[in-house]
Amino acid sequence: MINVENTRRLVMALAMSSTLTACAMTAQQCDPALVNNVLAAANCNILGGFDAHLQTARAEVEALRAELAATQTKAAGMDREAQLLAGNRDALQRKMTSEKRDLDRLQLKLAGMRVEGDKARAKLAALQEQLKVAETKLSGMDKSNVTAEEIAALEADIAARKEAVTRLSGRALQE
């Protein structure tokens, strides 16, 4: 039967146990997943242990969110840097390809110029030989037997050949 005396004892026992357990209740101990009896739950509720635990959990969540935001910002910066580096790499590869094409073109042109130079040197040697023959022929001629027109023609031929040799010599030296 419920009487006043029993009720007082019950309230007194609850108050004493609340006081004793309240001293030992912390925010970590007031984790709803860990509280396993009614008295501890009541103490956590009355003394604000559940609220303290909730605030601690919220602070941890906010710290994790801030860390996540910082990590995302850092990752976005790294992505931008990677894209920039990839763009630079592509530009350098295009430039290298262009430079290689230019080098190939110049090497081909140089090979052609060498062939032309060889041809010009061969022509020069042939003209020099013809010039020597013409000069020898002219010096060996007896002026009494040769007409003035033949001498003039030979001298014109020699002058033309000297001019050709001079032009080819100048071009060969330039190459």
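The values are calculated or read from the model by the stated rules, or taken from the named source; none is laboratory data. These figures come from a predicted structure and were not determined experimentally. Here Cβ is always computed from backbone atoms with ideal geometry, including for glycine, and neighbour counts include all displayed protein chains.
Run down GLU149, GLU67, GLU81 and say which single residue is in a helix (DSSP H, G or I), of a type outside the set (Gly, Ala, Ser) and exposed (fewer than 10 other Cβ atoms within 10 Å of the Cβ).
GLU149
Given the criterion closer than 30 Å to LEU168 by Cα and of a type in the set (Gly, Ala, Ser), identify the matching residue among ALA66, ALA125, ALA70, ALA57.
The conditions single out ALA125.
Out of LYS74, LYS109, LYS100, which single residue is at pLDDT below 95 and out of contact with any helix residue (DSSP H, G or I) (no Cβ under 6 Å at 6 or more places or on another chain)?
Step by step, each of LYS74, LYS109, LYS100 is checked, and only LYS109 is at pLDDT below 95 and out of contact with any helix residue (DSSP H, G or I) (no Cβ under 6 Å at 6 or more places or on another chain).
What are the pairs, 6+ residues apart or on separate chains, where a residue within segment 52-78 that is closer than 30 Å to CYS30 by Cβ and not assigned by TED's automatic domain parsing to the domain that holds CYS30 has its Cβ under 9 Å from a residue that is surrounded by fewer than 10 Cβ atoms within 10 Å (Cβ to Cβ) and not β-branched (Val, Ile, Thr)?
none
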